[in-house]
Amino acid sequence: MRSAVLACFLATLCVAELEATQNTQPLATIHVQGSVYTLQNPTGDGNVGVFVGADGVLLVDAQFAPRSEAIVGAVRELSTQEISFLVNTHVHPDHIGGNENLAEIGLTILAHDNVRFRMLQELRIPRRGGINFPQPPEAARPILTYTSAVTFHLNGEEVRAFLVPPAHTDGDSFVYFVGSDVLHTGDVFRTSMYPIIDVYNGGSFSGMIEALEIAIGLAGPQTKVIPGHGVGFTDRTGLIEVLVMMLDIRHEVTTLIAQGLTLEEVLAAGVTSVYDEQWGQVESWTAADLIPIVYEEYSQPN
């Protein structure tokens, strides 16, 4: 009982720390390309997409609730048009936390069916061994959901939000701004750390590889890519870099599994050592968190 209470207390502290950090950090506005911008804190966590034009404004993701005022203020520096739509790329609180506040000022919230379904219960993220968040209020839930895709015809462009294979979670969407040639990947793709596979919410390593392959197939030589986490934006080359890293990790882990090594032996083998300096510097998610997920997934019988 005492350990459960301590775990709950520590999780509460982590939640408060995450929200407080985002609340106090300044929000930068970065022009990506065409009519698309991104709003980012200095560490590039929970990157917001902003699509502006004569018909109105569409947002991608909402960060934590304390950031809503700053987000609206930053948008107002870009456009005086109505902020009409918000697309959630997935269910994690650093992307949906501002939903309720933004709904109160009239935004219509959209997401995949699974995002709304998972918002009907307490939320959980995988970092630091798992952190629970309260169930989002009814006003924070998407009022429009889609099974596979939805297309906006706005500001003289098509904006396509579509489901990808279960990757970070089982409700991940990409948002592609066709005319501006900008892709927002949500947390399926990040440039600052190892990929996070949220098994609790239906994610998988193999699905993330498939989703990245979809993104690479969609991206052309001029396409710009907004990651869910990571400062600034990147391009097709950045997507390929992450995919190559993931394919190599999968090869190394599955080779050792075939040789009969245990998880502890695979961890000791240092299969990510060539990548740790670049991708393993975020204390809340390192190779020690990723490799057990990869091992478990590929140890299962076909």
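No value in this document is a laboratory result; all are computed from the given coordinates. If you're wondering where the values come from, they're calculated on a predicted model, not measured in any experiment. Counting neighbours? That spans all protein chains shown, and the Cβs are built from the backbone with ideal geometry, glycine included.
Computed quantities for the displayed model
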item: Linear extension gain, Leu144 paired with Glu158, 0.36 nm per residue minus alpha-carbon span; result: 3.2 nm
item: In nm, spacing of pseudo-spin labels at Glu122 and His251 (7 Å Cα→C-beta vector); result: 4.3
item: Relative packing of peptides 251-264, 114-127, 67-80 - highest average C-beta neighbours within 10 Å first; result: 114-127, 67-80, 251-264
item: Between region 101-152 and region 239-280, the Cα center-to-center distance that results, in Å; result: 32
item: Chain lengthening between Glu264 and Glu213 when straightened (0.36 nm per residue, less Cα-Cα); result: 15.3 nm
item: Between helix 287-299 and the chain: long-axis angle, C-alpha atoms, 0 to 90°, nearest 10; result: 70
item: Hypothetical label at Ser273: residues of region 234-258 whose amide nitrogen lies under 14 Å (7 Å Cα-Cβ projection); result: none
item: The chain: angle of helix 205-218 to the longest principal axis, Cα-based, in degrees nearest 10; result: 40
item: Relative contact order (percent, whole number), region 185-302, Cα cutoff 8 Å, 6+ residue spacing; result: 34
item: Crossing angle, helix 2-24 versus the chain [Cα axis fit, 0-90 degrees, rounded to tens]; result: 40
item: Zone of Ser84's modelled label, taken as backbone nitrogen in region 168-186 under 13 Å from a point 7 Å along Cα→Cβ; result: none
item: Volume of the Cα convex hull of region 132-240, divided per residue and given in Å³; result: 128
item: Net charge contributed by nearby residues that have their C-beta within less than 15 Å of Ile30 (K/R +1, D/E -1); result: -3
item: Summed side-chain charge close to Gly179 - residues other than Gly179 whose Cβ falls under 15 Å, Lys, Arg +1, Asp, Glu -1; result: -2
